[in-house]
Amino acid sequence: MRILLTGTSGQVGGVLAGPLAEFGEVVAANRAMLDLADVASIPEKLDAIAPQVIVNPAAYTAVDRAEDEPELAFRVNGAAPGAIASWAAARQVPVVHFSTDYVFSGSGDRPWREDDATGPLSVYGRSKLQGEQALRAAGGPHLIVRSSWIYHRTGTNFLRTIARLAAERDELRIVADQIGAPTSAALIGATLTDLLRKFSGDFSALATASGGTLHLAASGTASWHDFATAIVAGLKARGRPARAARIVPIRTPEYPTKAVRPLNSRLDLARITKLLGRPMPPWQAALETELDHIVEK
Ligand SMILES: NC(=O)c1ccc[n+]([C@@H]2O[C@H](COP(=O)([O-])OP(=O)(O)OC[C@H]3O[C@@H](n4cnc5c(N)ncnc54)[C@H](OP(=O)(O)O)[C@@H]3O)[C@@H](O)[C@H]2O)c1
């Protein structure tokens, strides 16, 4: 079985190549091989690769920049998944597509269920929602995996930024009124592997059992302030020099950003818990693993 994997230079795409090899031959397509901004070229490229499964974590992920580049964000996150979905549906090729907590409005404090009404607050959120809608409209076998607050031991992300700032500054001021679940890319890779094993590598069967959409995040709830506090404590416990003595909780308006972010990004995990037959691990456990890797380097 030939599995096309996009976004291989990214956090999620980078960790998925290994685990997916258990289920077929992975064709890792970077931007040079398959440019999602060039939507018209997608069907021809897919004809040439002839995948039997498509796993698409590639996306325009610059949340604030998207406010200034909406056309590009919608092309990569909306139109391109639409072209992939049409090509795949015509051939009954299952598509695993990644989406985000930012499709929700963030109101209330109950975790968002897969079938809750969406209400994105930003260009990025709206563009990702358009991608989801295109997948569903195409009518082929699909699994939309929504995750939240993704980080990894390498690359540019909250974990790495806090690790750097903690070594440079005496005080960090971190938003404490946005809540969600920090989720490591490694946890996403391991969980998807577990799920696929349960369905004997049958992507379509997993997609059907998931009802087409699945929330995949670590369990528990954190604010960005909680997350930063745990990162700095974890680094100190591992003997990493960390100057930051004070981590001051602030409110969202004190850290203005171009894009509005949801206050409540909690994702309900009942569906994935049932499919896995076990709860997702707490966010702190995955963080410990990533900190071990950072410190080893
Ligand atoms: N990061 C988060 O906190 C978060 C949270 C929830 C959901 N998600 C979703 O989860 C998925 C994976 O996120 P991530 O954090 O792994 O993203 P990431 O690290 O920012 O990686 C994005 C990937 O997409 C590729 N890409 C961007 N534009 C492209 C284009 N025009 N053509 C082809 N490839 C292109 C990038 O390639 P280049 O290296 O060439 O740019 C990179 O490999 C995305 O769908 C994202 O929307 C992310």
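Nothing in this text is a laboratory measurement; each read-out follows from the coordinates by a stated rule. These numbers come from a predicted model, not from an experiment. Reconstructed Cβ throughout: ideal geometry from the backbone, glycine too, with neighbour counts over all protein chains shown.
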Original post:
Which number do you get for Rg(Cα) / (2.2 N^0.38 Å) in the range 1-107?
Top reply: 1.07
Original post:
Normalized C-alpha radius of gyration of the range 40-100, against 2.2 N^0.38 Å?
Top reply: 1.19
**OP:** Please report the orientation-averaged projected area of the range 25-66, defined via the convex hull of its C-alpha atoms, in nm².
**Re:** 3.5 nm²
Original post:
Quick one: putting +1 on the C-beta of Lys and Arg, -1 on the C-beta of Asp and Glu, what dipole do you get for the chain around its Cα centre, in Debye to the nearest 20?
Top reply: 500 debye
Original post:
For the range 140-297, what D do you get in µm² per second when you plug the Kirkwood radius from alpha-carbon pairs into Stokes-Einstein at 37 °C and 0.692 mPa s?
Top reply: 195 µm²/s
Subject >> Environment charge at Ala62 (Cβ cut-off 12 Å; Lys +1, Arg +1, Asp -1, Glu -1) >> reply: -2
Subject >> Between helix 158-168 and the chain: long-axis angle, C-alpha atoms, 0 to 90°, nearest 10 >> reply: 30 degrees
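Rank by packing, highest mean first: peptides 12-23, 197-208, 109-120, with packing defined as the count of other Cβ atoms within 10 Å averaged across residues. Before the final figure, lay out each step's value.
Values: 12-23: 19.3, 197-208: 16.8, 109-120: 14.8.
Most protected by this proxy first, the peptides run 12-23, 197-208, 109-120.
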**OP:** Report, largest value first, the span of the C-alpha coordinates of the chain along each principal axis, in whole Å.
**Re:** 57, 37, 37
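Whole number please: convex hull volume per residue of the Cα set in the range 170-239, in Å³?
That works out to 111 Å³ per residue.
Can you tally the net charge around Thr229? Count Lys and Arg as +1, Asp and Glu as -1, for every other residue whose Cβ sits under 12 Å from the Cβ of Thr229.
Values: positive: Lys236, Arg246; negative: Asp226.
The answer is +1.
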**OP:** Indicate, rounded to the nearest 5 percent, the antiparallel portion of the DSSP beta bridges found entirely in the chain.
**Re:** 5 percent
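Using the reciprocal of the averaged 1/r over all distinct C-alpha pairs, how large is the Kirkwood radius of the range 126-185 in Å?
Numbers: mean 1/r = 0.0684 Å⁻¹.
Kirkwood radius, the range 126-185: 14.6 Å.
Report, in cubic angstrom per residue, the convex hull volume of the C-alpha atoms of the range 201-273.
On the way: hull volume 12.8 nm³, N = 73.
Output value, Cα hull per residue: 175 Å³.
Given Cα pairs under 8 Å that are at least 6 residues apart, what percent is the relative contact order of the chain?
Details: 595 pairs, mean separation 62.0, N = 297.
Relative contact order of the chain: 21 percent.
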Subject >> Environment charge of Ser41, counting only residues whose C-beta is closer than 11 Å and scoring Lys/Arg +1, Asp/Glu -1 >> reply: -3
